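Undergrad: I have a structure I would like to understand better, so I am pasting it below and will then ask my questions one at a time.
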Amino acid sequence: MFFTRPLARLIEEFQKFPGVGPKSAQRMAFHVLDLSAEDAQALTEAITEAKEKVKHCNTCFHLSAQDPCEICVDSRRDQQVVCVVADPKDVIAFERTREYRGQYHVLTGLISPLDGKGPDKLSIRQLLARLQNETIKEVIMAINPTVEGDATVLYLSQLIKPAGIKLSRIAFGLPMGSDLEYADDMTLSKSLEGRREI
Amino acid sequence: MKVTQLKLEDFRNYKNLVVDFADGKNIIIGDNAQGKSNLLEAIELCASGKSSRAEQDFDFIRWGSNACKLLLSFDASGAEETISIALAQQNEPNKLLSTRSGRLQKVIKVNGVKQTSVRGLLGRIPFVSFTSNDLGLLRAGPKFRREWIDGIAVRLKPSHHDVLSNYAKTVAQRNRLLKLFAERGRMNVSDQDELLVWDKQLTRFAIAVIKMRLKVLAELLPLAQEIQSHLSRADELLCIDYALRTGRTYSEDFREQEESDQGEEQALNSSFADLHSMPDLELAKILARLLKQLRGEELRRKQSLVGPHRDDLQVRLNGASAIAFASQGQQRSIVLALKMAELKQLSETTGQTPILLLDDVLAELDPARQALLLSAIGQPMQTIITTTHLSGFDPKWLEGARIMTVNNGQIVSKEETSAP
C-alpha cells in the first residue's frame, strides 16, 4: 500500500469520475490535500449543495435548483416551440448559441434496449402531455444521428405526427470552418441529403 | 503500395521482432507453430483492424505479458507512413494481472496521431489475404462468406465500416427488445410501436448492407468468371446467388410468395442481378414481408431472423450448387478465381497495387493452379508468403525473392536470392 487509507480512498473516489484515470485522480487528490481548510470546506459544501438542490424540472426535465426551472418560467421565451434533446448538457449547448428562444424538453436519455432504456424510462409521456396541454405548435428534435438517436426520433415522430404538430429535426452536415476535402463520406452524404436551396 | 517494416512487441509468440520486407516477393519459411502466420496476422490487423484468427483481443498478447504493440511502416506513393496498434490490460485493483480477461485499452495511431476508432486506419493499406482456411469458403458456414464479402466491401469503401457497425448495433438492440417482450409474454400497443421503430431501423441499414454486397458481387463476378473459365479450360459458368435468409434463395422465398398471391411481380427471378437493380423501396417491401412473416418465430427464438446477418451467398457452377456438385478441385479453382478477382477488383477500384498475403495456401494447390497464382503475382505486386518448405516453388520464380526463416518467434536467417 503506497497511500495511507484516507488518501487512497480519495483517489479511488476521483477515479470513478468520467475521463479520470489513476494518474489524474492522484493529482486531484494531492491538490485537495494542498487546499486550505476553508477551500476544502467550500468544495465539500459545493458538492453537498449541488447534490441536494439540483433536481429535474418537472416540466422540461432540465436540471435546475428551482421547479419549474428558469427557462420554463421565463415569459419572454417563445411558448409555442419546444426543442427536444436527450440530455441536460444539450440544453446548455443550445443556450450558449443565444439563438434559440423557445422551450426545451429533456428526454433524459435515448431508447436503447441494451441499456434497459425503453420509452417508458424516458420523459416521453410528459412530453406528450405538454403537447396536449400547452399551446405548442412546433417541435424541433435536436438528437444525435446515432442508431439509438435515430430510433428515438422515429418513435417520437410516430407519436407526434398524427397530432398535426409541426415536426422537424436539426440538420446534419459539415462543421463550421471545416474542409470538404477532409469530411468523411457519412457526413458528406448526410449534408447532401439535407442540402438547401439558395 | 508496399509495407516496409513490421515491429512487434509481445505480439502472439514474438517478444521483440523487427522485420524488413522486400518490395517484391517475401517468403517466410518455418515449421508449424513457429509464428509464420502471426506475421501475416499482424499486417492484416494493422491494415484492417481485424483478424480472422483471433476470438478476442487478448489472444494477441504474448503469454506472460499484459500489453502488446505493433508498428507497421509502409510506403504510400513515396511517403513513409506508419500505423501502430497498442493493447494494454487496464489496471484493476482487485484483479491479478495474470488473468487474461477484463478490459483492454486499445490505442490506434496513424502516422503517430491517435485515432478515435478503428475507422481511422481503414483503407490505407489495400491488401488481399488468402489463407488455407479460405479454401473452405464454399463449404464453410454462411458467416464465413458474409464476413468475406463485407470485408471486401470495407476495403473498397472504408466508410462502409460505419454502416456495418450501425447495422450490428441495431440487430443487438432489436434482439434485446425481442428477448424482453418474449419474457414478458405479451406485447401492448406501446411495445409494438417500439418494435416497429427497430424494424424500420433494421430495414434501413439492412438495405445499405445488402446493396453494398450486391454491388461488390456485381463487380467481382465477371472478373471471377473470366479467371474461372481460364482455369478450368472448359465451359463452366460460375454464378453467385444472393440468398435473403440462410439456406433459402431469394427465388425460393419468392416462389412461396407467388403461390400465395399469383401474378404479382412476375418478372422477378433468382439471379442476384435482379436484386441488384431493385429499387430500395422494393427491397424494403420484401424485408417488411419477411419481418411480418417471421415475427412469431423471432419472438420465440428471441433473435432477429431477417436481414443481411442471416443472408448467404450461394455459388453455382453451370447452374448447380457448387457445394453439392463441384469436385474438390473445382471448388478450389472457384475459390482461387474469387480471390484473384478480389485482387483485381481492389486494384481497379483503389488505383493502387494491393499487397498479397498468402498464408500456407500454395502447398494446398496443385502445380497447375499454383503456377497460375504465382504467375499472376507480377513483380510490381508485393507478396508475403508463408510456407513450410520451398520444394514446391519453381526455382526460376524464386529469383529475386527475400527468404526468411522463422523459428520459435525469431527470424533466424534471411537471404536474398539473386535477381534474374
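The values are calculated or read from the model by the stated rules, or taken from the named source; none is laboratory data. Predicted model, so just to flag it, every value in this text is computed and none were measured. Cβ: placed from backbone, ideal geometry, glycine included. Neighbour counts: every protein chain shown.
Yes/no per residue for (1) touching a Leu at 6+ places or on another chain (Cβ under 7 Å); (2) buried (at least 17 other Cβ atoms within 10 Å of the Cβ); (3) over 17 Å from B:Leu299 (Cα atoms); (4) among the small types (Gly, Ala, Ser):
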{"site": "B:Glu194", "(1), (2), (3), (4)": "yes, yes, no, no"}
{"site": "B:Trp198", "(1), (2), (3), (4)": "yes, yes, no, no"}
{"site": "B:Thr203", "(1), (2), (3), (4)": "yes, yes, yes, no"}
{"site": "B:Val209", "(1), (2), (3), (4)": "yes, yes, yes, no"}
{"site": "B:Leu223", "(1), (2), (3), (4)": "no, yes, yes, no"}
{"site": "B:Ala234", "(1), (2), (3), (4)": "no, no, yes, yes"}
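Undergrad: Something else: Quick one: in region A:140-156, which of the residues that are in a loop (DSSP other than H, G, I, E, B) and of a type outside the set (A, V, I, L, M) is nearest to the other protein chains (Cβ to nearest Cβ)? Walk me through how you get there before you give the answer.
TA: So in region A:140-156, the residues in a loop (DSSP other than H, G, I, E, B) come out as A:142-146.
Keeping just the survivors that are of a type outside the set (A, V, I, L, M) gives A:144-146.
Details: A:Asn144: 13, A:Pro145: 10, A:Thr146: 8 Å.
The selected residue is A:Thr146.
Undergrad: Something else about it: Output the number of residues of region B:43-69 satisfying the condition of being farther than 29 Å from A:Gln15 by Cβ and buried (at least 21 other Cβ atoms within 10 Å of the Cβ).
TA: Residues in region B:43-69 being farther than 29 Å from A:Gln15 by Cβ and buried (at least 21 other Cβ atoms within 10 Å of the Cβ): 6 in total.
Undergrad: List the number of the failed condition for A:Lys137; all other conditions in (1) closer than 30 Å to A:Cys72 by Cα; (2) within 14 Å of chain B (Cβ to nearest Cβ); (3) surrounded by fewer than 16 Cβ atoms within 10 Å (Cβ to Cβ); (4) not hydroxyl-bearing (Ser, Thr, Tyr) hold.
TA: Checking A:Lys137 against (1) closer than 30 Å to A:Cys72 by Cα; (2) within 14 Å of chain B (Cβ to nearest Cβ); (3) surrounded by fewer than 16 Cβ atoms within 10 Å (Cβ to Cβ); (4) not hydroxyl-bearing (Ser, Thr, Tyr), the one that fails is (2).
Undergrad: If you don't mind, another one. Within region A:1-110, which helices (runs of 4 or more DSSP H) (wholly inside it) include 2 or more residues that are within 21 Å of A:Ile124 (Cβ to Cβ)? Reasoning before the result, please.
TA: Numbers: elements: A:5-15, A:22-34, A:37-53, A:70-73, A:88-97.
It comes to A:70-73, A:88-97.
Undergrad: Scan region A:118-134 for residues that are surrounded by fewer than 18 Cβ atoms within 10 Å (Cβ to Cβ) and in contact with a Gly (Cβ under 9 Å, 6 or more places away or on another chain) and jot them down.
TA: The answer is A:Lys121, and nothing else.
Undergrad: With the requirement that a residue be without any contact (Cβ under 8 Å) to a residue 12 or more places away in the chain and surrounded by 13 or more Cβ atoms within 10 Å (Cβ to Cβ), what does region A:1-12 give you?
TA: A:Phe3, A:Ala8
Undergrad: With the checklist (1) within 14 Å of chain B (Cβ to nearest Cβ); (2) crowded, with 19+ Cβ neighbours inside 10 Å; (3) touching a residue at least 24 places away in the same chain (Cβ under 8 Å) in hand, flag the one item A:Leu159 doesn't pass.
TA: Among (1) within 14 Å of chain B (Cβ to nearest Cβ); (2) crowded, with 19+ Cβ neighbours inside 10 Å; (3) touching a residue at least 24 places away in the same chain (Cβ under 8 Å), A:Leu159 violates only (2).
Undergrad: Also, I was wondering about something else. Residues to consider are B:Leu138, B:Leu195; find the one that is in contact (Cβ under 8 Å) with a residue 60 or more places away in the chain and more than 9 Å from chain A (Cβ to nearest Cβ).
TA: Working: B:Leu195 fails: in contact (Cβ under 8 Å) with a residue 60 or more places away in the chain.
Only one candidate passes the filter, namely B:Leu138.
Undergrad: Restricting to region A:97-117, and then to whatever is surrounded by 21 or more Cβ atoms within 10 Å (Cβ to Cβ) and either in contact with a strand residue (DSSP E or B) (Cβ under 6 Å, 6 or more places away or on another chain) or aliphatic (A, V, I, L, M) (or both), can you tell me which residue is farthest from A:Asp87 (Cα to Cα)?
TA: A:Gln103
Undergrad: Before we move on, is A:Ile165 surrounded by 13 or more Cβ atoms within 10 Å (Cβ to Cβ), within 14 Å of chain B (Cβ to nearest Cβ) and modelled with pLDDT of 85 or more?
TA: no
Undergrad: Among helices (runs of 4 or more DSSP H) lying entirely in region B:309-413, which contain 3 or more residues that are within 27 Å of B:Arg124 (Cα to Cα)?
TA: Per the criteria, B:328-350, B:367-376.
Undergrad: Something else now. Among the residues of region A:41-65, which ones are exposed (fewer than 12 other Cβ atoms within 10 Å of the Cβ) and of a type in the set (S, T, N, Q)?
TA: A:Gln41, A:Thr44, A:Thr48
Undergrad: Would you confirm, using the coordinates I've provided, whether B:Ser347 is at pLDDT 90 or above and surrounded by fewer than 21 Cβ atoms within 10 Å (Cβ to Cβ)?
TA: yes
Undergrad: Tally up the residues in region A:102-120 that are small (Gly, Ala, Ser) and more than 11 Å from chain B (Cβ to nearest Cβ), please.
TA: Looking only at that region, the number is 2.
Undergrad: Among the residues of region B:141-166, write down those that are within 12 Å of chain A (Cβ to nearest Cβ) and acidic (Asp, Glu).
TA: The one that is within 12 Å of chain A (Cβ to nearest Cβ) and acidic (Asp, Glu): B:Asp162.
Undergrad: Tell me yes or no: at least one residue of region B:211-222 is at the interface with chain A (Cβ under 8 Å from one of its Cβ atoms) and in a helix (DSSP H, G or I).
TA: No: zero hits.
Undergrad: Six or more apart or on different chains, Cβ under 8 Å: which pairs go from a residue in region B:167-188 that's more than 11 Å from every other protein chain (Cβ to nearest Cβ) to one that's of a type in the set (A, V, I, L, M, F, W, C)? Could you list them?
TA: Within 8 Å, the pairs are B:Ala182/B:Leu299; B:Met187/B:Phe181; B:Met187/B:Leu195.
Undergrad: Next up: Could you list, in sequence order, the residues of region A:14-26 that are surrounded by 12 or more Cβ atoms within 10 Å (Cβ to Cβ) and of a type outside the set (Gly, Ala, Ser)?
TA: Within region A:14-26, the first condition is being surrounded by 12 or more Cβ atoms within 10 Å (Cβ to Cβ), and the residues that meet it are A:14-15, A:20-22, A:24-26.
Result: A:Phe14, A:Gln15, A:Val20, A:Pro22, A:Gln26.
Undergrad: Condition first: away from chain B (no Cβ under 14 Å), farther than 21 Å from B:Thr170 by Cβ, at pLDDT 95 or above and assigned to a loop (DSSP other than H, G, I, E, B). Can you find one or more residues in region A:121-133 that meet it?
TA: Among the residues of region A:121-133, at least one is away from chain B (no Cβ under 14 Å), farther than 21 Å from B:Thr170 by Cβ, at pLDDT 95 or above and assigned to a loop (DSSP other than H, G, I, E, B), which makes the answer yes.
Undergrad: Of the residues in region B:105-122, how many are touching a strand residue (DSSP E or B) at 6+ places or on another chain (Cβ under 6 Å) and either over 24 Å from B:Asp150 (Cβ atoms) or without any contact (Cβ under 8 Å) to a residue 40 or more places away in the chain (or both)?
TA: Residues of region B:105-122 touching a strand residue (DSSP E or B) at 6+ places or on another chain (Cβ under 6 Å): B:105-111, B:115, B:120-121.
Next, only the ones that are either over 24 Å from B:Asp150 (Cβ atoms) or without any contact (Cβ under 8 Å) to a residue 40 or more places away in the chain (or both) stay: B:105, B:107, B:109-111, B:115, B:120.
Matching residues across region B:105-122 total 7.
Undergrad: Moving on. Within region A:173-198, can you find the residues that are farther than 20 Å from B:Leu156 by Cβ and either among the charged types (D, E, K, R) or within 11 Å of chain B (Cβ to nearest Cβ) (or both)?
TA: Correct list: A:Asp179, A:Glu181, A:Lys190, A:Glu193, A:Arg195, A:Arg196, A:Glu197.
Undergrad: Tell me which residues, restricted to region B:145-171, are under 20 Å from A:Ala151 (Cβ atoms) and exposed (fewer than 15 other Cβ atoms within 10 Å of the Cβ).
TA: Within region B:145-171, B:Ala168 is the sole residue that qualifies.
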